[in-house]
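To start, the structure itself, in structure tokens.
The values are calculated or read from the model by the stated rules, or taken from the named source; none is laboratory data. Predicted model only: the values in this text are computed from it and were never measured. Glycine also receives a Cβ, built like all others from the backbone with ideal geometry; neighbour counts cover every protein chain displayed. The protein model used for the area step is the full one, side chains on, heavy atoms only, and it has no ligands, DNA or RNA in it. Shrake-Rupley method; radii C 1.70, N 1.55, O 1.52, S 1.80 Å.
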Amino acid sequence: MTATTHPVQPVLSARRRRTVLAVCFLSMFLVGLDTTVVNVGLPAIGRGLDADTRGLEWIVDAYTLALAGLLISSGALADRFGRRRVFQSGLAVFGAASLLCALAPSAGVLVAARALQGVGASMLSPVALAIVVNAMPDPKERARAIGVWASVFGLSMAAGPVTGGALLAWLDWRALFWINTPVIAAALLLSAVFVPESRAPRARRLDLPGQVLLTMALAVVVGVLIEGPRIGWTSPAAWAGYAGAAAATAGFVWVESRRPEPLMDLGLFGRPAFSGAVVGAVAVFVALSVTLLLNTLYLQHTRGWTPLAAGAATLPLALGATVCAPWSGRMTGRAGPRLPLLLAGGFLTAGGLCLVRLTPHTNVLLLLAAYALIGIGFGFANAPITNTAVNGLPPARAGVAGAITSTARQLGSALGIALAGGLVTDTSPTGLAHASRPGWILVAGCGVLLFLVARVSQPKEATTGPASP
């Protein structure tokens, strides 16, 4: 499509831009939804496929590990080979993997299919954002679109348990994956018709050694956390895991520090504000994942609630995240990230502390209040964390900073599942409430960590302008 004679007229019409946004937001919603929608169905999946708690942890973390490990490389592939092409490839992979998940005859096959789902999702999240930015030449319109983008992702993760509970009320656990297929088909059709092709003016080189080492480090760390209760924390296998994780991490740092175009710009970690934002992103998603997993196991196993009731219990969390995410973005744009980070830390800490003495008979109102507090904290956290990561950076490095924080979020999700699962592995339904108490202390600790992030969130060179959510 060629530009019009009007010098400021965008290439795409307003209607087409809205359609492009809708397609990209839909893909982002699916990526976030599939991070959490499976949680409420884990007991049903365990019964259907004869999977224990460790197997269920792998079903969740196989997705988030593949997504976290490949996010940055997928963005580089899109810059080189075309964003629409990679986006459509991601949709196709995600859709095919969803079908495999729905048809999985065993837990092992489901874990492999979930990993493939994560590969497809990695081609959707950063690439769709690049498509949105490219389709929005007006800075104000682009800023509004990115603001909605951040809210969509937060809403999708918070809405996962509710959506999953509703599906399980009428169908079986396989519906959690069947539901993706018509949405993917519609997105493929719309992207072929409306989404323009685009590439970066100068594509970054692929960093295959860095990619392999990063994936190895993430997988070994999470794998040891999941399998530790079974193999023993001081067993030879565990020590081999520790050594493997340390070696992969050291190798990654060594390789990245010597490449002209590294997968991850390690120089960014020399900025205290950026390092704090990465730590904050991990902490927030650890807290969210711990909350969602412990919630579904406690309510369904200990209290005997149905999946629909357990999913509905997270509605206060979803509502808090939905209301506070845009509020946080406006607050960050006006006064900087420190205040919303302090609020996020306070609400997360309060929510975790509400449940540190959880029992099988804890008042339901206290449970709902705790979930609401955690949701509010989650809603306040995302915009200031991303703002802190990119604030003061030149545009050429801001994209990489955003990709790193997205990777950190997915790593936090994987770690949260592994840590929470480790607490309750092989625990009886009556003992689950007591066994999960350290998990709620961890949630509160993640909130406290955000207070420290807030202290370094506004470096001297930063200015308080419109935030990039």
### Query
Can you tell which of V364, P236, P43 lies farthest toward the positive end of the dipole of the chain, using +1 and -1 charges on the Cβ of basic and acidic side chains (Lys, Arg; Asp, Glu)?
V364
#### Entry: Long-range Cα-Cα pairs in region 80-120 (distance over 17 Å), rounded percent
33
### Message
Expected output is a single nm value to one decimal: the length gained when fully extending between A96 and A186, i.e. 0.36 nm times separation in residues minus the C-alpha distance. What is it?
### Response
31.0 nm
### Dipole in debye (nearest 20) - the chain, about Cα centre, beta carbon charges: Lys, Arg +1; Asp, Glu -1
1220
## Note on the structure
Once the dipole of the chain is set up from charges on Cβ (+1 Lys and Arg, -1 Asp and Glu), the residue from the list T291, L348, Q88 lying farthest towards its positive end is Q88
## Note on the structure
Expressed in Å to one decimal, the Kirkwood Rh of region 263-337 from all distinct alpha-carbon pairs is 15.2
### Message
What number do you get for region 25-130 when its Cα radius of gyration is normalised by 2.2 N^0.38 Å, N = residues?
### Response
1.08
### Task
For every other residue with a beta carbon closer than 14 angstrom to the beta carbon of A97, add +1 if it is Lys or Arg and -1 if Asp or Glu, then tell me the sum.
+1
#### Entry: For A444, net neighbour charge (Lys/Arg +1, Asp/Glu -1) across residues whose Cβ lies under 13 Å away
+2
### Message
Quick check on the chain: what are the equivalent-ellipsoid semi-axes from the Cα gyration tensor, as sqrt(5λ), descending, whole Å?
### Response
33, 25, 24
### Query
What is the spread of the Cα atoms of region 251-408 along each of their three principal axes, largest first, in whole Å?
57, 40, 25
### Query
Of all the accessible heavy-atom surface of region 216-298, with the other protein chains kept in place and a 1.4 Å probe, what percent is carbon and sulfur?
73
### Task
Can you pull the one-decimal nm distance between simple spin-label points at L266 and Y242, each 7 Å off the Cα toward Cβ?
2.3
### Task
Mark the label point 7 Å from the Cα of W233 along Cα→Cβ and return the residues of region 57-78 whose backbone N is within less than 11 Å of it.
none
### Query
Percent of accessible area on region 38-115 owned by carbon and sulfur, 1.4 Å probe?
62
### Message
Probe of 1.4 angstrom, ligands and nucleic acids ignored: what's the accessible area per residue over the chain, in square angstrom?
### Response
40
### Query
How far, in nm, would the chain grow between H361 and S106 when pulled straight, counting 0.36 nm per residue and subtracting the alpha carbon separation?
88.3 nm
